[in-house]
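K.L.:
Could you have a look at this structure, given as structure tokens, before my questions?
Every number here is computed from the coordinates shown, using simple stated rules; none is lab data. On a predicted model such as this, the values are computed, not experimentally measured, just so you know. FYI the Cβ positions are ideal-geometry reconstructions off the backbone, even for glycines, and counts take in every protein chain you see.
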Amino acid sequence: MIITKQSDYGIRLMLALAEANEPLTTRKVAETHNIPMAFLHKVVSNLVRAKLLDTKRGVGGGMVISKQLEEISLYDIVLAIEGEMVINDCKLNGKPCRNIPHCAIHDVMDDITNEVIRRFSEISLAQLLEKQKRKPSYLRFHQHSIIPMVESRH
């Protein structure tokens with residue numbers, strides 16, 4: 001499974017847009033959330049292509065979420081950015097693995113992959129926003145900023 005920094009940025013972007021509930025520019029999001037513009041443009045492009053995000057040009061323009069928050073799962077965001085989740089190398093190259101008939105690892109890895117997908121699919125953007133609002137850092141930043149900083153693990 002490849003969940004890269006881009007997925008982290010994508011989730012943070014979608015969370016910022018959900019919280020703002022109005023169009024935000026890429027510049028504002030990049031500055032507020034410390035996301036490099038080069039990464040942000042690629043993430044935005046992937047999310048627009050997946051129809052999770054819309055962009056509007058001009059005065060009052062910016063990025064907006066294109067669906068209801070309850071309709072977007074973390075898996076939808078990661079899938080838009082990374083593609084299908086797999087955790088073992090033999091599934092990454094798209095060719096059948098010659099070890100399948102005598103390798104128990106495939107079954108175990110498939111089960112783990114399915115469990116991870118299930119967990120990511122269970123969490124909606126609306127649920128993530130509610131969790132974020134309960135964080136002490138959210139309350140502290142929200143008092144001083146229109147858009148709270150979403151603290152990253154990295």
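K.L.:
What's the extension gain from N99 to K28 if we count 0.36 nm per residue and subtract their Cα-Cα distance?
P.N.:
20.6 nm
K.L.:
Next question. Whole-Hz Karplus ³J(HN,Hα) for the range 16-29, in order, using 6.51 cos²θ - 1.76 cosθ + 1.60 and θ = phi - 60°, x for Gly and Pro?
P.N.:
4, 5, 5, 5, 5, 6, 7, x, 10, 7, 4, 4, 4, 5
K.L.:
Turning to a different aspect of this structure: Could you rank the peptides 12-21, 35-44, 103-112 by their average count of other C-beta atoms within 10 Å per residue, with the highest value first?
P.N.:
12-21, 35-44, 103-112
K.L.:
Quick query: amide H of V86 versus all other amide H atoms, modeled in the peptide plane; which residues come in under 5 Å with a sequence gap of 5 or more or a different chain?
P.N.:
I2
K.L.:
Still on this structure, I have one more. Report, by chain and number, residues whose modeled amide H sits under 5 Å from the one on L53, excluding near sequence neighbours (fewer than 5 apart, same chain).
P.N.:
V48, S66
K.L.:
Kindly provide log₁₀ I(q)/I(0) values, in the same order as q = 0.24, 0.25, 0.27, 0.34 Å⁻¹, from the Debye equation applied to equal alpha-carbon scatterers of the range 32-73.
P.N.:
One equal scatterer on each Cα of the range 32-73 leads to -0.95, -0.99, -1.05, -1.09.
K.L.:
With unit charges on the beta carbons (Lys and Arg positive, Asp and Glu negative) and the dipole taken about the Cα centre of the range 5-142, which residue among L13, V78, P23 sits farthest to the positive side?
P.N.:
The listed residue farthest towards the positive side: P23.
K.L.:
Work the Kirkwood hydrodynamic radius out for the range 5-142: mean of 1/r over every pair of different alpha-carbon atoms, inverted, in Å. It would help to have the intermediate numbers written out before the result.
P.N.:
Details: mean 1/r = 0.0603 Å⁻¹.
Here the Kirkwood hydrodynamic radius works out to 16.6 Å.
K.L.:
OK, next. Please report, in debye to the nearest 20, how large the charge dipole of the range 5-142 is about its Cα centre when each Lys and Arg carries +1 at its beta carbon and each Asp and Glu carries -1 there. The partial results should precede the final answer.
P.N.:
Numbers: 20 positive and 17 negative charges, 117 e Å.
About 560 debye.
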